[in-house]
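Structure, as structure tokens:
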Amino acid sequence: MRENLAYLKKRRSALKFLIRTPKRKFTKDRFHLLRVELKKLKAILLRMEFLLPDFDRKKFYKPFRKLFAQAGKVREIQIEKEILRSYGVLEQIPEYVLLLNKKIQKERVRFFNVRTLALNSKIEKRLKVLRRNVRKVSQIDSGPFLANLIGEIKSLLATGILEEQSAHLLRKKLKNLKYNLESLQDEKMVNRHPEQEELVNLLGTWHDLVTVQRTLLSDIFELPVKEEEKESLQRITGTIQSDSERIFKEINQKIPLFDDFILPPKLKSSQD
């Protein structure tokens with residue numbers, strides 16, 4: 001399978017747009033989009049590392065790393081607030097919401113301190129280099145890389161029951177598979193695999209709930225908020241924990257049924 005060059009051009013354009021977006025226009029959705037675009041880039045770089053022996057993935061990705069990490073700190077607090085809103089409890093915890101808003105603003109400031117003109121310049125240079133490496137990798141069959149990645153995923157699924165650590169790893173590898181398939185075939189074709197997409201979405205929801213649950217458990221008793229708010233936060237933490245456990249059971253119920261990936265025709269025929 002060969003590269004979908006239009007897809008890679010789209011990724012480069014999206015990243016250039018995001019690193020140039022002014023502070024006042026850098027909304028919550030753009031933090032999310034930046035993280036997604038960088039995950040797609042990381043997926044492509046993993047394939048390049050596998051197919052090009054001389055390609056240094058870690059060195060190439062270095063200018064993006066701090067940006068990705070700091071955007072993640074902003075997103076983590078944003079997601080916590082979104083989840084608490086979805087449970088309809090924001091009115092019960094006004095002081096905690098104020099703390100979340102302050103934390104978001106603090107991490108936003110740090111993000112823009114990281115996203116300097118010098119860093120942006122390095123990133124744009126890396127994106128130019130990416131184009132050259134894309135030309136190289138476009139001449140190489142990606143089948144062996146995909147077969148290796150799918151083998152790793154099937155190994156995680158082989159026991160039929162996921163542990164928490166392997167669930168986090170499975171989520172990352174399924175995303176990696178999806179993004180690499182997107183870059184090799186039509187994106188619409190990749191999105192026609194509802195079973196795989198449903199499992200990825202369940203893993204994502206479970207991951208977000210577990211992250212929020214852990215944050216609340218570690219913070220509740222130290223928070224500078226009223227006791228009534230602490231009690232409300234304890235109750236919602238219990239509810240979030242119950243929901244995360246329910247979703248994790250649902251994930252494990254689907255694992256035994258999830259043994260047939262929808263593969264690109266050339267790769268599938270080579271495995272038959």
Residue 145 being out of contact with any Cys (no Cβ under 8 Å at 6 or more places or on another chain), loosely packed, with under 14 Cβ neighbours inside 10 Å, touching a residue at least 24 places away in the same chain (Cβ under 8 Å) and among the hydrophobic types (A, V, I, L, M, F, W, C): no
Looking only at region 51-67, decide whether some residue is within 24 Å of residue 210 (Cβ to Cβ), out of contact with any strand residue (DSSP E or B) (no Cβ under 9 Å at 6 or more places or on another chain) and of a type outside the set (D, E, K, R). no
If we keep only residues of region 219-255 that are under 23 Å from the mean Cα position of the chain (by Cα), modelled with pLDDT of 95 or more and of a type in the set (A, V, I, L, M), then the residue surrounded by the fewest Cβ atoms within 10 Å (Cβ to Cβ) is 247
Of the residues in region 125-138 that are touching a residue at least 12 places away in the same chain (Cβ under 8 Å) and more than 22 Å from the chain's Cα centre (by Cα), the one that is farthest from residue 254 (Cα to Cα) is 129
So, of the residues in region 35-60 that are in contact (Cβ under 8 Å) with a residue 12 or more places away in the chain and of a type in the set (D, E, K, R), which turns out to be nearest to residue 13 (Cα to Cα)? 37
Which residues, taken from region 78-98, are part of a helix (DSSP H, G or I), surrounded by fewer than 17 Cβ atoms within 10 Å (Cβ to Cβ) and over 22 Å from the mean Cα position of the chain (by Cα)? 90, 91, 94, 95, 98
Those residues of region 76-104 which are in contact with a Leu (Cβ under 9 Å, 6 or more places away or on another chain) and among the basic types (Lys, Arg) amount to 81
Of the residues in region 207-227, those that are in contact with a helix residue (DSSP H, G or I) (Cβ under 7 Å, 6 or more places away or on another chain) and not in a helix (DSSP H, G or I) come to 223, 225, 226
Scan (1) free of Cβ contacts under 8 Å to residues at least 60 places away in the same chain; (2) surrounded by fewer than 17 Cβ atoms within 10 Å (Cβ to Cβ); (3) within 27 Å of residue 47 (Cα to Cα); (4) of a type outside the set (Ser, Thr, Tyr) for the single condition residue 202 breaks and write down its number. (2)
Restricting to region 153-170, name every residue that is assigned to a helix (DSSP H, G or I), touching a residue at least 12 places away in the same chain (Cβ under 8 Å), under 16 Å from residue 256 (Cα atoms) and not β-branched (Val, Ile, Thr). 154, 156, 157, 167, 170
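The values are calculated or read from the model by the stated rules, or taken from the named source; none is laboratory data. It should be emphasised that the depicted structure is a prediction, and the values quoted were computed from it without experimental measurement. Ideal geometry is used to build each Cβ from the backbone, glycine not excepted, and the neighbour counts take in all protein chains shown.
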